[in-house]
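Let me begin by presenting the structure, written as structure tokens, before commenting on it.
Computed from the coordinates by the stated procedures, all read-outs in this text should not be read as laboratory data. Because the structure is predicted, anything quoted here is derived from the model rather than measured. Every residue, glycine as well, gets a Cβ built from its backbone with ideal geometry; the counts of neighbours run over all protein chains shown.
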Amino acid sequence: MSTDGTAPETIRTRAPVVLVSTANEPETIRGAIVAARRGGRLVAVYQPYRHRTLQGRAEAFAEALSEADAVVLADIDPGDEPPVPGVSAAQIADHLRVPTRHVPAWRYLTHPRLTGLEATDTILLLGSPNLAGLGPGIAAAFDPRERTRVAVVYGGTSAEREVSVHSGREVHRALVARGYDAFLVDLADLLLGEASVAPFVGPNRPDVVFLAVHGTHGEDGATQGFFELLGLPYTGSNVLASAVGMDKNLTKAVLERAGLPVPRGELLTKPNRATSLPPPVVVKPNAQGSTVGLSFVESTDQLERAIEHGYRYDDALLVEEWLRGMEISVPVLGDRALPPVEIAPKSGRYDFASKYVPGATEEIVPARLLAPTLALVQEFAVRAHGALGCRGATRTDMIVAEDRITILEVNTLPGMTSTSLLPNSARAVGVSFEDLVEWIVQDALRHAQA
């Protein structure tokens, strides 16, 4: 590496070209950028070194950095000096005349998804000594792998852990069968056990995370936020859509605002047990899986027991009108609806056992609906998917009566077991389980590159 900041050292890789310079003054930064020009887009990646260097000179640094075609800014490296209040790399960003990404934590600079760096770029690392060792890591992120590496995250800590274990194992088998470099990670071990984040960082980190988790901390945005912090693409909806989708009462408000039909009901919060909605009603936890803690209440004397049961799983409960009719679930992949699945539990009630015990429920695909109704429920599912801001695969549950269609909830991470509704619907249109798993992975990668 040069010491005068004007003759960048080249780190030789297949692609992109990564250059390193110690330039940390406007004049030497400008000279390093000019020296680095070699055709194609030149991106200056700059971490200011020491606050006093930048103090009162943000415009001068921005002017020099604007000689590049694009700039990626990191936080200031204070070195051995205390930070100066009011001095920030963001001040440079305010004055730049070229496309800019501000990546406050410099360790994220090896994540192309966050920096916007491309394989055809010439990348010039400038400023702090921190950046001198990042070149190989940045280049490694672009090295083509023989196989896409997928972390299948499953298990977790929710009441639906056992279901998630089945989903994860079946997804893993499908990925291996399709030639992916897939490995399993139990979310509970990662967060509470002896497992570490090591598999998710460094040059061997996965290209994508397949989320096969369900319930609290799996579908509600918590796990999604964890992988956002790690800078890794993941399957399913983003943090916000996941959080909204898990909150049944909030989901109803969003869908109603979008002009979609939802059941009458009210929210109870612990320890409140008073409801103005008379039986027959359904009582269910507000933020759990669709059948966890669910009770069907036919008479007033059953209500107290149902509320007590629901409070075992959540501090908030939904009490809703018990709608009679055909229960269906309509999967959506991206922007298209799959055939509705008619759910006909032998017990007459679609509870946890009916959902997960093989043979407890007859699933009819496509649902026995007249063509206009079938088209309408598919339209509703796509609209619900969009109203919540979902991506990937979702599943919208509905009740269809003679004169009324009502949306019950939207599942942002549908189950992926052999008895799950999404794979069942996909098979009806010739999409095998392996095809479905691969589509979900590729969809996540497409979103990461968008």
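In the chain, the DSSP-assigned H stretches of four residues or longer account for a calculated mean residue ellipticity at 222 nm of -9000 deg cm²/dmol, using -39500 (n - 2.57) per stretch and the full residue count as denominator. For the chain, the longest stretch holding no GluC sites (Glu not before Pro) located in a DSSP loop with at most 14 other Cβ atoms within 10 Å is which? In the chain, the maximal stretch lacking such sites is 1-145. For segment 9-140, give the share of DSSP beta bridges that are antiparallel, in percent and rounded to the nearest 5; count only bridges with both residues there. Within segment 9-140, antiparallel bridges account for around 15 percent of the total.
Using semi-axes √(5λ) of the Cα gyration tensor in Å as the read-out, say which of (1) 51, 23, 19; (2) 36, 24, 21; (3) 42, 23, 21 was calculated from these coordinates. After the calculation, the listed value that fits is (1). Once the gyration tensor of the Cα atoms in segment 145-260 is diagonalised, the equivalent ellipsoid follows with semi-axes of 26, 15, 14 Å, ordered largest first. May I ask for the net charge around Arg52, where only other residues with Cβ less than 13 Å from the Cβ of Arg52 are counted and Lys, Arg are +1 while Asp, Glu are -1? Summing Lys/Arg as +1 and Asp/Glu as -1 gives -2. If I model a spin label at Glu59 and Asp80 as a point 7 Å from the Cα along the Cα→Cβ vector, what separation in nanometres do I get? Taking the simple label geometry, Glu59 and Asp80 are separated by 3.5 nm.
May I ask for the net charge around His95, where only other residues with Cβ less than 14 Å from the Cβ of His95 are counted and Lys, Arg are +1 while Asp, Glu are -1? Result for the local shell: -2. Residue by residue, segment 371-382 carries 3J(HN,Hα) couplings of 3, x, 5, 4, 5, 5, 5, 5, 4, 4, 5, 5 Hz when phi is fed to the Karplus relation 6.51 cos²θ - 1.76 cosθ + 1.60 (θ = phi - 60°); x denotes Gly or Pro.
Sorting Lys252, Lys346 by the number of Cβ atoms found within 10 Å of their own Cβ, with the fewest placed first, yields Lys346, Lys252. The convex hull around the C-alpha trace of segment 264-322, projected and averaged over every direction, spans 3.3 square nanometres. For the chain, give me the percentage of DSSP beta bridges that are antiparallel, rounded to the nearest 5 percent. Here the share of antiparallel DSSP bridges comes out near 55 percent. Taking the fewest neighbouring Cβ atoms within 10 Å as the starting point, the ordered list for Leu126, Leu192 is Leu192, Leu126.
Largest GNM mean-square fluctuation among Val254, Val330, Val150, using the chain with Cα springs under 10 Å: Val254.
Based on the Cβ-Cβ distance of Leu230 and Ala90, what FRET efficiency does E = 1/(1 + (r/R0)^6) give at R0 = 22 Å, to the nearest 0.05? Please list the in-between numbers first.
Details: r = 23 Å, r/R0 = 1.05.
It comes out at approximately 0.45.
Going by neighbour counts of Cβ atoms within 10 Å, the residues Thr216, Thr275, Thr223, Thr396 line up, fewest first, as Thr275, Thr216, Thr223, Thr396.
What is the local net charge at Thr110, summed over the other residues whose Cβ is closer than 13 Å to its Cβ (Lys, Arg +1; Asp, Glu -1)? With Lys, Arg at +1 and Asp, Glu at -1, the net is +2.
Looking at segment 38-77, which trypsin sites (Lys or Arg not before Pro) are in a loop (DSSP not H, G, I, E or B) and have at most 14 other Cβ atoms within 10 Å? In loop regions of segment 38-77 (DSSP not H, G, I, E or B), the sparsely surrounded trypsin sites (Lys or Arg not before Pro) are Arg38.
Could you compute the FRET efficiency for Glu379 and Asp301, with r as their C-beta to C-beta distance and R0 at 35 Å, rounded to 0.05?
Working: r = 41 Å, r/R0 = 1.16.
Efficiency, from the Cβ-Cβ distance: 0.30.
Can you give me the C-alpha center-to-center distance between segment 209-225 and segment 407-450, rounded to a whole angstrom? Spelled out, the Cα-based centre of one part sits 15 Å from the other.
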